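Here the structure is laid out as structure tokens; the discussion comes afterwards.
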Amino acid sequence: MKITIVGTAYPYRGGLAAFNERLAKEFQKEGDEVKIETFSLQYPNFLFPGKTQYTTDPKPNELTICRSVNSVNPINWVKVGKKIAKSHPDVVIFAYWISFMSPSMGTIAKIIKKKSNAKCIGLIHNMTPHESSLMDRILPSWFLRSMDAFISLSDFVMRDVMNYLGKDLPNVVSPHPIYDVYGESMSRDEAIERLGLSKDYRYLLFFGFIREYKGLDLLLQAMADKRVSQLPVKALIVGEFYGNEQKYKEMASTLGLSNIIWVSDYVSDDKVGSYFCSADVIVQPYKTATQSGVAQIAYHFEKPMIVTNVGGLPEIVPDGKVGYVVSPDSSALADGIARFFNPIESVDFSANIKEEKKKYQWNVLTGKIKKMIESISNGNEQN
């Protein structure tokens, strides 16, 4: 097949860029011709909450990535739509994650459908934003109504898609595949040595961009709970702040925490494995969620997880099997952490994770996408 992916990719950084690049590689592995049309301008700088939008990692030379889409220029959207249509792809996959991209992606799709026979599929990472505004209620319908079909990474997200759309279109759910782009696993001792950590402690890891909905405040409160603070356990808080960093640092100081290690910066791809392999458990104390790229990195490095019972997280972390699912409050989180590090029952998390991760292979996602394309090309609906 001839496939175009519209979405973020190199030179932009982050999990969504890594996802699109890894998806393109899987299609190539299966013999498909793939091109990624990414952004010449993704966000105006004043709208971006982090330090930089760009990666310092090397360009993936095995992929064709074109910087063409200007997210704020309607004239550009028409040009890009015509350009993609002229290349005659069989399918164009729009990797959608935020309503800000709805006008550009929706317009490009409408031009493509007007000028070619390509099918347009929305691959939806998030539909309802974690921190929503009026724009998030108005803009998405422009994008959604320009698609022929949808694929989402959790049932939770697909329900949101259908609620926004107000009607059913062909759709399928395929779980977020494993992020296997961060190198091979290493021993805990090697990872701890690379990071200069003490072997006298055990570690839990909170990883990724830090925003209000991710519940870092709940984790800090849980680390102050006597059930946790008395354990030889430290929390690695690793990620760039997309908000008020000082608020969390002051909270930690007020709580008198000495069991926190801060790494307040974006982590390059080559260092991700060291943090995951040094940790005994990955903790996601989210207040809201869709699915989780962090969980799929944890699966890659075969690490158990403690997650909250929100959004699509319980779909991918079976409670008591590959970790624990708790309520999104600090007491329940502390209970889960204490239960993990001082277990009453014996659970072979490692064996369970090895089995569970088989569900999350990239060829499962590409297979479902191709089956959907075949279905809508034949005029049939798939739900």
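The values are calculated or read from the model by the stated rules, or taken from the named source; none is laboratory data. Since the model is a prediction, treat every value here as computed from it, not as a measurement. Positions of Cβ are backbone-derived with ideal geometry, glycine not excepted, and every protein chain shown enters the neighbour counts.
For this structure, a couple of remarks:
- For the range 320-348, the candidate set comprises residues that are under 20 Å from CYS277 (Cα atoms) and within 23 Å of the chain's Cα centre (by Cα); within that set, the residue that is surrounded by the fewest Cβ atoms within 10 Å (Cβ to Cβ) is LYS321.
- Options GLU26, GLU33, GLU37; residue that is in contact (Cβ under 8 Å) with a residue 40 or more places away in the chain, in contact with a strand residue (DSSP E or B) (Cβ under 6 Å, 6 or more places away or on another chain) and outside the structural domain of VAL272 (by TED's automatic domain parsing): GLU37
- A single member of VAL317, VAL283 is without any contact (Cβ under 8 Å) to a residue 40 or more places away in the chain and either among the small types (Gly, Ala, Ser) or surrounded by 19 or more Cβ atoms within 10 Å (Cβ to Cβ) (or both), and it is VAL317.
- Tally of residues being touching a residue at least 60 places away in the same chain (Cβ under 8 Å) and out of contact with any helix residue (DSSP H, G or I) (no Cβ under 7 Å at 6 or more places or on another chain) across the range 138-155: 1
- Qualifying residue in the range 295-307 (condition: part of a helix (DSSP H, G or I), touching a residue at least 40 places away in the same chain (Cβ under 8 Å), over 30 Å from GLY122 (Cβ atoms) and in the same structural domain as ARG227 (by TED's automatic domain parsing)): no
- In the range 80-89 there is no residue matching the filter, namely being surrounded by 15 or more Cβ atoms within 10 Å (Cβ to Cβ), within 30 Å of ASN244 (Cβ to Cβ) and in contact with a Lys or Arg (Cβ under 9 Å, 6 or more places away or on another chain).
- Any hit, the range 331-341, residues being among the hydroxyl-bearing types (Ser, Thr, Tyr) and touching a Leu at 6+ places or on another chain (Cβ under 9 Å): no
- Filtered residue count, the range 124-169, keeping only those that are part of a loop (DSSP other than H, G, I, E, B), touching a strand residue (DSSP E or B) at 6+ places or on another chain (Cβ under 9 Å), over 23 Å from TYR360 (Cβ atoms) and at pLDDT 85 or above: 3
- Candidates GLU37, GLU62, filtered to the one that is within 28 Å of TYR164 (Cα to Cα) and not in a helix (DSSP H, G or I): GLU37
- Scanning the range 228-273 for residues that are surrounded by 15 or more Cβ atoms within 10 Å (Cβ to Cβ) and polar (S, T, N, Q) yields SER229, ASN259.
For every residue, the table says whether it meets (1) touching a residue at least 12 places away in the same chain (Cβ under 8 Å); (2) more than 23 Å from ARG211 (Cα to Cα); (3) not in a loop (DSSP other than H, G, I, E, B).
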{"residue": "ALA18", "(1), (2), (3)": "yes, no, yes"}
{"residue": "VAL72", "(1), (2), (3)": "yes, yes, no"}
{"residue": "TRP77", "(1), (2), (3)": "yes, yes, yes"}
{"residue": "VAL80", "(1), (2), (3)": "yes, yes, yes"}
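- Some residue of the range 210-223 being in the same structural domain as ALA332 (by TED's automatic domain parsing), more than 26 Å from the chain's Cα centre (by Cα), at pLDDT 95 or above and surrounded by 17 or more Cβ atoms within 10 Å (Cβ to Cβ): no
Table: residues versus (1) within 20 Å of the chain's Cα centre (by Cα); (2) without any contact (Cβ under 8 Å) to a residue 12 or more places away in the chain.
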position	(1), (2)
LYS51	yes, no
THR56	yes, no
ASN61	no, yes
VAL91	no, no
MET105	yes, no
